[in-house]
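Colleague: Structure provided below as structure tokens; questions to follow.
The values are calculated or read from the model by the stated rules, or taken from the named source; none is laboratory data. Just so it is clear, the model here is predicted, and its values are computed rather than measured. We place every Cβ from the backbone using ideal geometry, glycine too, and count neighbours over all the protein chains shown. Only protein heavy atoms, including side chains, enter the accessible area calculation; ligands, DNA and RNA are left aside. Shrake-Rupley method; radii C 1.70, N 1.55, O 1.52, S 1.80 Å.
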Amino acid sequence: MTTPRAGCAVDADGRITFEVPGAGGLRLLLRLRPKKGQPEEDLHVLDLLAPDSADEGCAQAVLGADPVLAEGRWDVYLLQGTERTRLRPGPRDLRALVDGQPRERRGPLAVRVPYATKDGFLAVRTWLRPAHAEVGPVDVTDRTLTIAARLHGSPLAEGARVELRLRRDNDVTRTLEPQVRADGHAFSYTVDDTLDLDLDRDPGIWDMFLRSAPGAAPIRLARLLDDVADRKEVFVYPDAVVGGAVVRPYYTVDNDLSLEVKRAG
């Protein structure tokens, strides 16, 4: 039996239209992939309807732009009664996402990116965050790294700070002062020899956050607003030597930006 395929297209507002050949009257099931050993809990069902004027051989289901999907990875199935069949990807039109959607966003931020899993099935990667700081260019030289970003929503206030937090011990932090652009949203920060790292105690992974004002909740620095569902193996940066440490920026499996720190030599 041929595994059915679903094409999809995303518009600038984040709405996804799925097309499945010959599936009129059936339904589409999106299932949040549970953590290992955990039962499935979050399911979202869409009706597949024959379009009024498009290809009569395809049925369509529309996932609206409202932030109804929890953050994670949603596998896509064709649902017939209680029987589900996992779908393989057909054509994916992600052109509306490619330019990073430079327009201003306000929280909560909901992002959806359809993608093909490693085993060849269709899934949707979703993020749902109360606030967002989008990472832009990451410039790495032999001795420094400079990261540009943009805060969506409210502008940065006086006293805003970038915070590096040691992953294995969140009580260990370092702060950097961002250089804020005139619009109050775009900013950059630099990791160089002025960063005080205790290499006898503090090597490891440091996660990067923005505090947009003194006392504000931390916002995870991430790059989410384009068509790349899994950035870790795509955006690979070189090392820099900073204050006796080798540092390397990298994207996590959630497309958040972190810094690997280890002793030089």
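Colleague: Kindly indicate whether any position in segment 161-173 is over 19 Å from the mean Cα position of the chain (by Cα) and over 28 Å from residue 71 (Cα atoms).
Modeller: no
Colleague: For segment 72-125, what are the residues that are of a type outside the set (Val, Ile, Thr), open to solvent by 40 Å² or more (accessible area, probe 1.4 Å) and closer than 30 Å to residue 151 by Cβ?
Modeller: 73, 92, 93, 95, 99, 102, 103, 104, 106, 107, 108
Colleague: Next question. Which residue pairs have Cβ atoms under 6 Å apart, sit 6 or more places apart or on different chains, and have a first residue in segment 125-146 that is farther than 19 Å from residue 228 by Cβ and of a type in the set (A, V, I, L, M) and a second that is open to solvent by less than 30 Å² (accessible area, probe 1.4 Å) and not in a strand (DSSP E or B)?
Modeller: Filtered contacts from segment 125-146: 131/153.
Colleague: Among the numbered criteria (1) more than 12 Å from the chain's Cα centre (by Cα); (2) part of a loop (DSSP other than H, G, I, E, B); (3) in contact (Cβ under 8 Å) with a residue 40 or more places away in the chain, which single criterion is violated by residue 90?
Modeller: Of (1) more than 12 Å from the chain's Cα centre (by Cα); (2) part of a loop (DSSP other than H, G, I, E, B); (3) in contact (Cβ under 8 Å) with a residue 40 or more places away in the chain, only one is false for residue 90: (2).
Colleague: Cβ contacts < 9 Å: first residue without any contact (Cβ under 8 Å) to a residue 12 or more places away in the chain and hydroxyl-bearing (Ser, Thr, Tyr), restricted to segment 201-227; second residue surrounded by 22 or more Cβ atoms within 10 Å (Cβ to Cβ) and assigned to a loop (DSSP other than H, G, I, E, B), any location; separation 6+ or different chain. Result?
Modeller: none
Colleague: Next question. Restricting attention to segment 180-231, report how many residues are of a type outside the set (S, T, N, Q) and not in a strand (DSSP E or B).
Modeller: Residues in segment 180-231 being of a type outside the set (S, T, N, Q) and not in a strand (DSSP E or B): 31 in total.
Colleague: Please enumerate the residues belonging to segment 126-136 that are within 10 Å of the chain's Cα centre (by Cα) and surrounded by 20 or more Cβ atoms within 10 Å (Cβ to Cβ).
Modeller: Listed by number, the residues that qualify are 126, 127, 134.
Colleague: In segment 152-163, which residues are modelled with pLDDT under 95 and not in a loop (DSSP other than H, G, I, E, B)?
Modeller: Within segment 152-163, just 152 meets the criteria.
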